[in-house]
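Colleague: Let me begin by handing over the structure; questions about it come next.
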Amino acid sequence: MSAKFIVDDKNGPIRIRLLRRIFYLFSNVLFFTYYYICQRSSRMVWIPSPKGLQKRFSSTQRPMIYYAWHGDSWWLIAAVMMLPPELRPVGICNSGTMSRLNSRASAWLGVDMFEYSLKSERSARRQITDFVKTSGRHIMVFPDAGGPYRQLRPGILSIALEAEADLLPVGLKVRPKIVIGRIMQHRVPFPFSRVEVFWAQPFSGRDATTRNANRALQELGVTRH
């Protein structure tokens, strides 16, 4: 089921050359095909049940920022499709080449995506914050993207504070475990896997610090499995 691909219209039209468009299309078709096979053949479960998140959101009506390490991003994109629509976060991507190689594939799988511009005069943080404030949507971010990896960068805290959002730490345990990259350790989706998605209690952006946001991920006990 194809989802929405949202581009920040404040940045004006984006021009992409024809050959590059063809290259992006080919890459996204490949990613989508492989993602789809992995998603459909694997067993994924959220622990605890998402019902607790539904109760939390019903009582606060505040958007939530799902956050995990960047190495878990491919599997988490597949796992959020199991959530009820009202809990499903919007994925965040950018206008850079590496992001565009697979961002459309995520939307084709059914995950709404928001693309911020790397060429905008407005910072990435400002573009994302404005999107959350105006849309009221949950988002999914990876606060160590770009490195240093497995170290939370403080931009996520500013977004949560300004957008009056809650932070939701998420960790994954995957079997079989297939990892590429010595530094980032990206977990590659593989067909017929078992994926356990663990989440901790959300906490208000007003109370967030780099230390307690990092600790929340570590206390899940699965961030290095």
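Bear in mind these aren't lab numbers, they're just calculated from the coordinates by the rules spelled out. Keep in mind that this is a model prediction, so the values were computed, not measured. Quick reminder, even Gly has a Cβ in these numbers, built from the backbone with ideal geometry, and neighbours come from all protein chains shown.
Colleague: Answer rounded, prolate or oblate for the stretch 54-106, using the Cα gyration tensor with square roots of eigenvalues a ≥ b ≥ c: rounded when a/c is under 1.5, else prolate when a/b is larger than b/c, else oblate.
Modeller: Because a/c hits 1.5 or more and a/b exceeds b/c, the stretch 54-106 counts as prolate.
Colleague: Rounded if a/c is under 1.5, else prolate if a/b is larger than b/c, else oblate: which is the stretch 37-166, with a ≥ b ≥ c the root eigenvalues of its Cα gyration tensor?
Modeller: Oblate.
Colleague: Counting only residues 5 or more places away or on other chains, whose amide H sits under 5 Å from the amide H of Arg150 once H atoms are built in the peptide plane?
Modeller: It is His70, by chain and number.
Colleague: Ok, one more. Sort the following peptides by mean Cβ neighbour count (other Cβ atoms within 10 Å, averaged over residues), highest first: 16-26, 103-113, 147-157.
Modeller: Taking the mean over residues of other Cβ atoms within 10 Å, the ranking is 103-113, 147-157, 16-26.
Colleague: Starting from the Cα gyration tensor of the stretch 137-225, take the square roots of the eigenvalues, sort them a ≥ b ≥ c, and report rounded, prolate or oblate (rounded when a/c is under 1.5, otherwise prolate if a/b is larger than b/c, else oblate).
Modeller: Prolate is the answer for the stretch 137-225, as a/c is 1.5 or above and a/b outweighs b/c.
Colleague: Among Leu152, Ile6, Trp75, whose Cα lies farthest out toward the positive end of the dipole of the chain, if unit charges sit on the beta carbon of Lys, Arg (+1) and Asp, Glu (-1)?
Modeller: Trp75
Colleague: With runs of 4+ DSSP H residues as the only contributors, calculate the mean residue ellipticity of the chain at 222 nm using -39,500 (n - 2.57) per run, divided by the residue total and rounded to the nearest 500.
Modeller: Theoretical 222 nm ellipticity from helices: -10500 deg cm²/dmol.
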